[in-house]
1. Just to verify a number: FRET efficiency for residue 48 and residue 71, C-beta to C-beta distance, R0 = 30 Å, to 0.05?
2. Give the order of 88, 101, 20 when sorted by the count of other beta carbons within 10 angstrom, beginning with the fewest.
3. Along the principal axes of its C-alpha atoms, what lengths does region 53-129 span, in descending order and rounded to whole Å?
4. Nearest 0.05, what FRET efficiency do residue 88 and residue 135 give at R0 = 22 Å with Cβ-Cβ as r?
5. Suppose the chain between residue 41 and residue 27 were pulled fully straight at 0.36 nm per residue; how much longer would it get relative to their current alpha carbon spacing?
């Protein structure tokens, strides 16, 4: 009877898929939250020590009762790691307190997801990208061609930029501000 049970075949090919490793916590650990003017300036120095583009994300408490302002700003840069900034609790003028961060972020391109959601609240605290890469928009545009692409290209000023150009390079879409 036991010989009638299916046997595992030794000659079946091994799976080429890698084993899945769950991400239970950030590889670098959870960074401290910068809440004071001094801590925010220190976060800017950490970011200045890195290189390349900035990954930027803002958390908002938007909804019926709350404004769309940023309550947490997360920034990551190669060679610098991640910084978390509370743009509300520092007790000062947000434009002044976040100026060191704005100056560093003006050095290179930003990578955002759903930039149309985050850019208004980031601009409210003086953070404006010199160039950006929106992963959500790039994903949508990757398959666009012809007139659909031209319509988007001509409407690149949706971010409030008076003049902007966009360039499609394969799956990558770049917008650059002029002037």
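Values quoted throughout were computed directly from the atomic coordinates according to the rules given, and no laboratory measurement underlies them. As the structure is a prediction and not an experimental result, all values here were calculated from the model. Methodologically, a virtual Cβ is constructed for each residue, glycine included, from the backbone with ideal geometry; neighbour enumeration extends over all protein chains shown.
1. Calculated value: 0.80.
2. By the 10 Å Cβ count, ascending: 20, 88, 101.
3. Reported extents, whole Å, longest axis first: 38, 28, 18.
4. Computed FRET efficiency for residue 88 and residue 135: 0.25.
5. Gain on stretching residue 41 to residue 27: 2.6 nm.
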